[in-house]
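Notes to accompany the following structure.
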Amino acid sequence: MTRTTTAEGQGNTGSDEPLLRLRGVKKHFPVQSSALIRGEQEYVHAVDGVDLDVRRGETLGLVGETGCGKSTLARCIARLYDLTEGTIELDGRDISTLSRREMRPLRREIQMIFQDPYGSLNPRRRVGSIIGEPFAIHDIGSRRERKKQVQELMELVGLNPEHYNRFPADFSGGQRQRIGAARALALKPKMLVCDEPVSALDVSIQAQLINLLADLQDELGLTYVFITHDLSVVRHISDRIAVMYLGKVMEVAPVEELFETSRHPYTRALLSALPLPDPDLADRREQIILVGDMPTPVHPPSGCRFHTRCPKAQPDCAEVVPPLEKAKDDDSADHLTACLYPMDPDERLSRARATVADSEIVADDSALGGVS
């Protein structure tokens, strides 16, 4: 499938007003540590100040390495986690402080497809009961009407309606993920949060499920937040992509603009690891290997979160938190980057590293009064 996008990089949304708006979203988890002995509570800064808009009818891809906060942000969006700070607006309504009782009617507007097709389904319940549970919770229809609706949903996602009374163990991983999709679609939501829905599946089954999600979006007018670590998948299905690192959004842009003119060094490093089918192109492409490991989210770095591993890092990168804003004049209005020194399309990080190293030597010589 090829995404159809406008010149601004947004999908055929029909409205400029975002369906979902995140402002300053934070989620911190308390941890048990030796600091408790000293009376100090430490926290994992899983999501630490995220601003994002999701437009109606589009697919926003969310990517980043393991531990960057993608899944935590997904659960915050679906209000499975309470926020530490910030606001989430769904269709113009602030849902960030609503209680469980107040959220119940809004559950019909936003649903979630989970990563694990095995752990997300109750193995002791029949498939018809699992898919029909949303109808029972919201007291929709009679028993006969619910069965008919469930069978229609099973047919919609490519399952045999005659398998209504089977257990999850009777289905393959791809079929179980289709069951999860049918359950999420039961209440006709406006938005689906897909938390790595294809990562546990074989490649051929991944393609089937991705094409299914694309067809359902076109048919039902759905809006997706699609979370994955697979850049090939997110390029195929997304209208825009947001790149996360250590709890923050580093860059967000229309999909082709991100792949062709990425500005953030971290984004450039991620893209350099993407396999290319053409060996000649792969040989000519710069291979970027980041030094060091991702810092601990319990004590994240000051300033730019990426400065401890960034080849372009300067002294002020450790002091200033870069805002997420338009980096270059020729970027589209939808291309935002959180970097004090954004990259040019033909710039190479290997040369940037050498330049930084030379400047550090000059700085050291200056501090010593030029004595060698």
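None of the figures in this text is laboratory data; all of them are computed from the coordinates on show. Remember, it's a predicted structure, so these values are computed and weren't measured experimentally. Ideal geometry is used to build each Cβ from the backbone, glycine not excepted, and the neighbour counts take in all protein chains shown.
Binning at 10 angstrom from zero up to the longest distance, how are the C-alpha pair distances of the stretch 18-261 distributed in percent?
Spelled out per bin, shortest first, that is 7, 30, 34, 21, 7, 1, 0.
Hey, what do the phi angles of the stretch 161-174 turn into as Karplus ³J(HN,Hα) couplings, whole Hz, using 6.51/-1.76/1.60 and θ = phi - 60°, x for Gly and Pro?
So the J values, rounded to whole Hz, are x, 6, 8, 3, 9, 7, 9, x, 5, 7, 10, 6, x, x.
How many nm is it between the label spots at ASP139 and ASP330, if each spot is 7 Å from the Cα in line with the beta carbon?
According to this spin-label approximation, the distance is 6.2 nm.
Cut-off is 10 Å between beta-carbons; in what order do ARG309, ARG348, ARG263, ARG100 appear when sorted fewest neighbours first?
On the way: ARG309 19, ARG348 14, ARG263 26, ARG100 9.
Sorted ascending by nearby Cβ count, the order is ARG100, ARG348, ARG309, ARG263.
Please go through the residue pairs LYS248/LYS312; LYS27/LYS328; LYS27/LYS248; LYS27/LYS188; LYS70/LYS312; LYS190/LYS326 and name each one whose alpha carbons sit more than 23 Å apart in this structure.
Details: LYS248/LYS312 19 Å; LYS27/LYS328 31 Å; LYS27/LYS248 11 Å; LYS27/LYS188 28 Å; LYS70/LYS312 25 Å; LYS190/LYS326 29 Å.
Distance filter (> 23 Å) returns LYS27/LYS328; LYS27/LYS188; LYS70/LYS312; LYS190/LYS326.
In 10 Å bins starting at zero, report the fraction of Cα pairs in the stretch 249-343 per bin as a rounded %.
Going from the shortest bin to the longest, the percentages are 16, 43, 33, 8, 0.
In the stretch 18-261, what % of DSSP beta bridges are antiparallel (nearest 5)?
Working: 24 of 41 bridges.
If I count the DSSP bridges inside the stretch 18-261, around 60 percent turn out antiparallel.
When N counts the residues of the stretch 68-155, how does its alpha-carbon radius of gyration compare numerically with 2.2 N^0.38 Å, as a ratio? Walk me through the numbers on the way to the answer.
Values: Rg = 15.4 Å, N = 88, 2.2 N^0.38 = 12.1 Å.
Dividing the Cα radius of gyration by 2.2 N^0.38 Å gives 1.27.
Against the 2.2 N^0.38 Å scaling, with N counting residues, where does the stretch 191-235 land? I'd like the Cα-based Rg ratio to two decimal places. Write out the running numbers ahead of the final one.
Details: Rg = 10.2 Å, N = 45, 2.2 N^0.38 = 9.3 Å.
Cα Rg divided by the expected 2.2 N^0.38 Å: 1.10.
For ILE241, what residues show an amide H to amide H distance below 5 Å, using hydrogens built from the backbone and excluding near sequence neighbours?
GLY61, ALA253, VAL255
Bin width 10 Å, alpha-carbon pairs only: give the P(r) of the stretch 98-204 as whole percents, running from 0 to the bin holding the largest distance.
Result, from short to long distances: 15, 47, 32, 6, 0 percent.
With θ set to phi - 60°, apply the Karplus curve 6.51 cos²θ - 1.76 cosθ + 1.60 along the stretch 122-137 and write out the HN-Hα couplings as whole Hz, x wherever there is a Gly or Pro.
Working through the residues one at a time gives 6, x, 8, 10, 6, 4, x, 5, 5, 5, x, 4, x, 5, 5, 4 Hz.
Take LEU276, LEU213, LEU73, LEU185 and order them by how many other Cβ atoms sit within 10 Å, fewest up front. Write out the running numbers ahead of the final one.
Working: LEU276 11, LEU213 24, LEU73 28, LEU185 20.
Going from least to most buried by this count: LEU276, LEU185, LEU213, LEU73.
Sorting check: for 234-247, 145-158, which peptide has the highest mean count of neighbouring beta carbons within 10 Å, and how do the rest follow? Don't jump to the answer; show the numbers that get you there.
Working: 234-247: 24.0, 145-158: 17.4.
So the order, starting with the most tightly packed, is 234-247, 145-158.
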